[in-house]
1. Which members of region 175-188 meet the condition of being touching a strand residue (DSSP E or B) at 6+ places or on another chain (Cβ under 9 Å), crowded, with 16+ Cβ neighbours inside 10 Å and part of a helix (DSSP H, G or I)?
2. Among the residues of region 185-201, count how many are at pLDDT 95 or above and more than 16 Å from residue 50 (Cβ to Cβ).
3. Of the conditions (1) free of Cβ contacts under 8 Å to residues at least 24 places away in the same chain; (2) surrounded by 13 or more Cβ atoms within 10 Å (Cβ to Cβ), residue 157 clears all except one; give me its number.
4. In region 109-157, which residue that is within 17 Å of the chain's Cα centre (by Cα), hydrophobic (A, V, I, L, M, F, W, C) and in a strand (DSSP E or B) is nearest to residue 85 (Cα to Cα)?
5. Please pick out the residue among 83, 76 that is under 25 Å from residue 193 (Cβ atoms) and modelled with pLDDT under 95.
6. Is it true that some residue in region 106-113 is touching a strand residue (DSSP E or B) at 6+ places or on another chain (Cβ under 7 Å), farther than 24 Å from residue 195 by Cα and either surrounded by fewer than 20 Cβ atoms within 10 Å (Cβ to Cβ) or in the same structural domain as residue 189 (by TED's automatic domain parsing) (or both)?
Amino acid sequence: MSTSQPTRTERKKFWTTTRIIFTCAVFALVAAFGLSSCSKTAKVNKPIAGIEMPASVLNAQLKDVDGAPLKLADYNGKVVIINMWATWCGPCRIETPELVALSKEYKSRGVELIGLTTQSNDPSVDKIKDFLRANQVEYRTVYDDGSFAGQLTQLTRARSVIPQSFVVRDGYIIKHFEGFDPRSTPAKLRQAVEQAINDKG
């Protein structure tokens, strides 16, 4: 007894409307699962929102007013506030007590504050040291030849004004402030610091 081969019509019947719908539904579920897994991974590895700082800025060999070396890369993993100022700048002088208070308030939470003044703005290191002592500034102050300050303003496309503050974390400038308004800047700066701390993990 011979068996006959299925005809073309019988072969076509395998892909019924129900089977096509079912197959499409399975592929859709698999694709959705894959996309959802990818998006979860993307959220975990999402880069910090902000301006990425090049290695030349992070590893710039800086010196503080006492001549001790430091570089921004040494503070990796911490929230850092860099405040650009000068001894003769009126708004800077008003802002300094706020920064001293902020530094003390957030030190235990891993926040570091770094002052930054330049040789062109403040030619006398002794005058800077006198100002720091008189205002009980305990955080470090970088004495820059202007190149580091210039790179920061270029990165943020800022004007060459003081004071300026940069909130930095893990190689990114995540917030930038130009000038100082005693009515609003302290609160905004604290808000930026809190956000940077809370986004850390």
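The values are calculated or read from the model by the stated rules, or taken from the named source; none is laboratory data. Source: prediction; values computed, not measured. Methodologically, a virtual Cβ is constructed for each residue, glycine included, from the backbone with ideal geometry; neighbour enumeration extends over all protein chains shown.
1. Of all residues in region 175-188, those touching a strand residue (DSSP E or B) at 6+ places or on another chain (Cβ under 9 Å) come to 175-180, 185, 188.
Next, only the ones that are crowded, with 16+ Cβ neighbours inside 10 Å stay: 175-177, 180, 185.
Matches in region 175-188: 185 only.
2. Residues that pass the stated criteria total 4.
3. (2)
4. If we take residues in region 109-157 being within 17 Å of the chain's Cα centre (by Cα), hydrophobic (A, V, I, L, M, F, W, C) and in a strand (DSSP E or B), then 114 is nearest to residue 85 (Cα to Cα).
5. Details: 83 fails: modelled with pLDDT under 95.
None of the other options fit; the residue is 76.
6. Step one: of region 106-113, the residues touching a strand residue (DSSP E or B) at 6+ places or on another chain (Cβ under 7 Å) are 110-113.
Remaining after also requiring farther than 24 Å from residue 195 by Cα: none.
No, region 106-113 contains no residue that is touching a strand residue (DSSP E or B) at 6+ places or on another chain (Cβ under 7 Å), farther than 24 Å from residue 195 by Cα and either surrounded by fewer than 20 Cβ atoms within 10 Å (Cβ to Cβ) or in the same structural domain as residue 189 (by TED's automatic domain parsing) (or both).
This table checks each residue for (1) within 26 Å of residue 61 (Cα to Cα); (2) polar (S, T, N, Q); (3) surrounded by fewer than 20 Cβ atoms within 10 Å (Cβ to Cβ).
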{"position": "87", "(1), (2), (3)": "yes, yes, yes"}
{"position": "96", "(1), (2), (3)": "yes, yes, no"}
{"position": "100", "(1), (2), (3)": "yes, no, yes"}
{"position": "103", "(1), (2), (3)": "yes, yes, yes"}
{"position": "121", "(1), (2), (3)": "yes, yes, yes"}
{"position": "124", "(1), (2), (3)": "yes, yes, yes"}
{"position": "128", "(1), (2), (3)": "yes, no, no"}
{"position": "140", "(1), (2), (3)": "yes, no, yes"}
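Matching residues to (1) loosely packed, with under 13 Cβ neighbours inside 10 Å; (2) of a type in the set (D, E, K, R); (3) closer than 25 Å to residue 77 by Cα; (4) touching a His at 6+ places or on another chain (Cβ under 7 Å):
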site: 132; (1), (2), (3), (4): no, no, no, no
site: 152; (1), (2), (3), (4): no, no, yes, no
site: 173; (1), (2), (3), (4): no, no, yes, no
site: 190; (1), (2), (3), (4): no, yes, yes, no
site: 196; (1), (2), (3), (4): no, no, yes, no
